[in-house]
Every structure is written in structure tokens, then in C-alpha cells.
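Everything on this sheet refers to the single structure shown next.
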Amino acid sequence: MSPRWAPDPDIRRGRSVVYNLHVHLVFVTKYRRDVLDDAMLTRCGEIMADVCDKLGAELREFNGEDDHVHLLVHYPPKLPISTLVNRLKGVSAHYLRQEFTPRINRHIMHGHLWSPSYFAGSCGGAPLAVIREYIENQKRPGT
């Protein structure tokens, strides 16, 4: 018997959960310095994809400019975003400093690559107004 609809690759299943969570992350270089070039962005994307894979997440999109990067990550509910961010920034900074030392040390003070702050926005799914209307229109027993 075939399913009523084609399976959605964004919907993942765990032992006791069905989920579809995406987060848009933006990391900025320390002091917003213009450090990243094409080779560094390419390597950074590879490193971050590997980190995501090890955490059970998936890096769906990656791109950036000379002073910041954007990521779209599909992640499991058991993974706190703060843990994901700390691992992504820490591991990528370690390898990028190791592989591109002269360029990073010349531009960044004290060997830091990323600013300690970051942007995280939930994304995907229906707009809040649609979800709110859906919840309001539930057929409550006894009404």
C-alpha cells in the first residue's frame, strides 16, 4: 500500500519524535574585519558541514562575505542551538587559524576569528499568523 503523499525529506523521525527544525545562523568575524576570502569560505563550509554531521544535524546552505557567514542548519530537537553554535565556531576557528595562519593573525587580534555574538533565527514552516489561526480553530470538546 502506498502512502497518501510523498515523504517530505525535511521531516525526520526519531524514536519518540517527528521534527522539522531549521535555524538560520550568522557569524561575524571579530571586529567585523575583512578576513575571509573564497578559499577560506570554501574550507569553512566543509568544516561546518562536518561538525553538523557529527552532531546529527545537516548543513543545508552555507555562504558568506569577507566579514561574515550565513548557515542554514537542519537540526534535531535534542541539540541546543547554543551547543551547535559553540561547536561550529570553535572547530571552524581552530582549523581555519591552523590552515590560514598568516592571513588570520594579520587581521585578527589575539588569534580570535569569530565575534562572541551571533544571530540565530528559526525558519521554515508556516508563518506565525497561520499557526495561531490553526490553533484557534481546533475543535475543542464540549464547545
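Each value in this text was obtained by applying a stated rule to the coordinates, not by laboratory testing. Note that the structure is predicted; figures quoted are calculated from it, not measured. Cβ sites come from the backbone with ideal geometry, for glycine too, and all protein chains shown count toward neighbours.
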Practice item. Could you work out the relative contact order of the chain, using alpha carbon pairs under 8 angstrom and six or more residues apart, expressed as a whole percent? Key: 32 percent
Review point. In nanometres, what is the gap between the two model label sites at T101 and E133, each 7 Å from Cα along Cα-to-Cβ?
Key: 5.9 nm
Check your understanding: Considering only DSSP states other than H, G, I, E and B, which trypsin sites (Lys or Arg not before Pro) in the stretch 6-49 qualify as loop sites with at most 13 other Cβ atoms within 10 Å?
Key -> R15
Revision key, fill the gap. For the stretch 59-122, listing trypsin sites (Lys or Arg not before Pro) in a DSSP loop whose Cβ sees at most 13 other Cβ atoms within 10 Å gives K78
Point to revise | Rg in Å to one decimal, and Dmax rounded to a whole Å, for the stretch 18-136 via C-alpha atoms | key: 15.8, 58
Study note, to complete from the structure: With only helices counted (DSSP H, runs n ≥ 4, each -39500 (n - 2.57)), the per-residue ellipticity at 222 nm for the chain, to the nearest 500, works out to -11500 deg cm²/dmol
Exercise for review: Note down the magnitude of the dipole of the chain about its Cα centre, charges +1 on Lys and Arg C-beta and -1 on Asp and Glu C-beta and zero elsewhere, to the nearest 20 debye.
Suggested key: 660 debye
Exercise for review: Report, to the nearest 10°, how far helix 38-54 tilts away from the longest principal axis of the Cα atoms in the chain, using its own Cα long axis and a range of 0 to 90°.
Suggested key: 50 degrees
Exercise for review: Give the calculated FRET efficiency between S117 and D67 to the nearest 0.05, with a Förster radius of 22 Å applied to their Cβ-Cβ distance.
Suggested key: 0.95
Exercise for review: Please give the contour-minus-distance gain from T42 to V91: 0.36 nm per residue of separation, less the Cα-Cα distance, rounded to one decimal in nm.
Suggested key: 16.1 nm
Practice item. Can you spot the aspartates and glutamates whose alpha carbon is less than 19 Å from K139's alpha carbon? Ignore those fewer than 8 places along the same chain. Key: none
